[in-house]
1. Restricting attention to segment 63-82, does a residue exist that is in contact (Cβ under 8 Å) with a residue 12 or more places away in the chain, of a type in the set (Ser, Thr, Tyr) and outside any strand (DSSP E or B)?
2. Check whether at least one residue in segment 10-32 is more than 30 Å from residue 134 (Cβ to Cβ), free of Cβ contacts under 8 Å to residues at least 40 places away in the same chain and buried (at least 16 other Cβ atoms within 10 Å of the Cβ), and report yes or no.
3. What are the residues in segment 89-119 that are assigned to a helix (DSSP H, G or I) and of a type outside the set (Lys, Arg), if any?
4. What number of residues in segment 21-46 are under 8 Å from the mean Cα position of the chain (by Cα) and either of a type in the set (Asp, Glu) or not assigned by TED's automatic domain parsing to the domain that holds residue 58 (or both)?
5. Considering (1) loosely packed, with under 15 Cβ neighbours inside 10 Å; (2) among the β-branched types (Val, Ile, Thr); (3) touching a residue at least 24 places away in the same chain (Cβ under 8 Å), say which one residue 126 fails and leave the rest.
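The values are calculated or read from the model by the stated rules, or taken from the named source; none is laboratory data. Predicted, not measured: the structure shown is a model, and the values here were computed from it. Positions of Cβ are backbone-derived with ideal geometry, glycine not excepted, and every protein chain shown enters the neighbour counts.
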Amino acid sequence: MRTTPLDLEEQIWQALREIEDPELPVAITDLGLVRDVRVEEGRVLVRLIPTYSACPAMRVIGDDIRRRLLALEGVREVSVEVTYDEPWTVARMTEEGRRRLTAHGLSVPRRGTWEEPVTCPFCGSTQTTLENLFGPTLCRAIYYCRACGNPIERFKPPLDSA
């Protein structure tokens, strides 16, 4: 059975929804990294927006995308392009992405500004203090919750507004 271009594009988006960020337990689509997908005669172009310009995970994500999409019937070639045409913001995250990151123990800002209170994902308190601006990855900082005593990670806002 031959797939139509629309069927193939749906299969591509489904495959992308199953690829997780290598540093976090969340799909790249829920994180808002996929800018767009173009399909033409078996050639696929996936454009990604990184959370930070020097994000080392982009290469791994690109390799995962190529491997996964080339396994689909009808896909002959896959190109992955990292674009800086627009900045990534926390507003690109889906509600499912926010839920999964919070369940993982990450504080996810709503608006993506430094002025926004940091909410503890464990107890919901905003009695938090910045411990280290440099977290385990470029896109995260480490905070401490004074209410429950847990260290927490929070996405750093790459811009002043989302």
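1. No, segment 63-82 contains no residue that is in contact (Cβ under 8 Å) with a residue 12 or more places away in the chain, of a type in the set (Ser, Thr, Tyr) and outside any strand (DSSP E or B).
2. no
3. We begin by selecting, within segment 89-119, every residue assigned to a helix (DSSP H, G or I); these are 90-92, 95-103.
Passing the criteria: 90, 91, 95, 96, 97, 101, 102, 103.
4. 2
5. Checking residue 126 against (1) loosely packed, with under 15 Cβ neighbours inside 10 Å; (2) among the β-branched types (Val, Ile, Thr); (3) touching a residue at least 24 places away in the same chain (Cβ under 8 Å), the one that fails is (3).
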